[in-house]
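Each remark here refers to the structure printed beneath this line.
The values are calculated or read from the model by the stated rules, or taken from the named source; none is laboratory data. Because the structure is predicted, anything quoted here is derived from the model rather than measured. Quick reminder, even Gly has a Cβ in these numbers, built from the backbone with ideal geometry, and neighbours come from all protein chains shown.
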Ligand code: SF4
């Protein structure tokens, strides 16, 4: 593994330069469910703005979510921010160097703690992220879906037994690289893999069945109407979502769960001569349900009337010319980009 790493492993990633526990932590959190090439620009913007834990702790949640916009899974950003405050207050702005203390911080699980210990502190520790699960399930022939506890337990035993005492940082990076470049989900590049001759899946032609798939579940479909209200000065009304729950702390269009309620709100708030354009419905999928979104674009000639629904502190008029530094939900960025592209501002 280390010979392979010396020749082919990644050594120039931004978080491999000026390696600190903070930078390793940030990269590990960003890399959860996200590919390296997507993470790089976010990591660079984030570390330019918040080069240290203290600076992250001192920022507002809006600033953090703004820099996270587009990366998804926003609980990661909120937890990072919360954990930065704890690290600053309780650990003098240095990430702790024990598994238990790291795992006690919001958003840091067993594998992320292991990665921080191994890569930043060169402590013997193990990781088991999605890529490593795939490599080990194939190499050792561990059947079953790795999301299942009994399967994950077996994989943890294996990853711990394989982790070396020496060069733990390089080994940890190496196994992550292997999963990201050779032992990929479909069409793994086994002929280039240093473990080809003793890999269970390769030798027994079991690549298609390892690792085991997640059992299929049918998730419900919900629907909503989003009101894209454009002021007479070309700004869009956004509401801040409660910090707990779906899209917590992000800014989104006012929304009605049923189309007729949306229309009532419009009748109440928008001048009769308001121009309305219904955009095509599209689907946004969360882990536990699909949301079918019908965007209704409205422009009122009277800002006075639109102000009726924008007086609360958790509302603002968003300027696409001079965007405020806030976190936006995916549908907001998608709809605004679509409107811009098609010139369909009403
Ligand atoms: S031989 Fe193929 S399946 Fe086995 S570990 Fe290497 S890349 Fe993965």
* Structure fact -> Within the stretch 26-53, the count of residues that are surrounded by fewer than 22 Cβ atoms within 10 Å (Cβ to Cβ) and without any contact (Cβ under 8 Å) to a residue 24 or more places away in the chain comes to 6
* Asked: Can residue 107 be described as in contact with a helix residue (DSSP H, G or I) (Cβ under 8 Å, 6 or more places away or on another chain) and closer than 30 Å to residue 199 by Cβ?
  -> no
* Asked: Which one of the conditions (1) within 16 Å of the ligand (Cβ to nearest atom); (2) within 30 Å of residue 56 (Cβ to Cβ) does residue 155 fail to meet, given that it meets all the rest?
  -> (2)
* Asked: Does the stretch 97-118 contain at least one residue that is loosely packed, with under 15 Cβ neighbours inside 10 Å, over 30 Å from residue 153 (Cα atoms) and not assigned by TED's automatic domain parsing to the domain that holds residue 334?
  -> no
* Asked: Only one residue in 92, 3 is in a loop (DSSP other than H, G, I, E, B) and modelled with pLDDT of 95 or more, so which one is that?
  -> 92
* Sort out which residues of the stretch 165-214 are exposed (fewer than 15 other Cβ atoms within 10 Å of the Cβ), within 14 Å of residue 118 (Cβ to Cβ) and at pLDDT 95 or above, and write them in order of number. => none
* To do: Scan the stretch 117-152 for residues that are part of a helix (DSSP H, G or I), free of Cβ contacts under 8 Å to residues at least 60 places away in the same chain and either more than 14 Å from the ligand (Cβ to nearest atom) or touching a strand residue (DSSP E or B) at 6+ places or on another chain (Cβ under 6 Å) (or both) and jot them down.
  => 117, 118, 149, 150, 152
* Structure fact -> Taking first residues from the stretch 167-185 that are closer than 24 Å to residue 209 by Cβ and second residues anywhere that are within 10 Å of the ligand (Cβ to nearest atom) and assigned to a loop (DSSP other than H, G, I, E, B), the pairs with Cβ under 6 Å that are 6 or more apart or on different chains are 182/189; 182/193
* Asked: Pick from the stretch 170-221 the residues that are more than 11 Å from the ligand (Cβ to nearest atom) and assigned to a helix (DSSP H, G or I): which of them is farthest from residue 147 (Cα to Cα)?
  -> 170
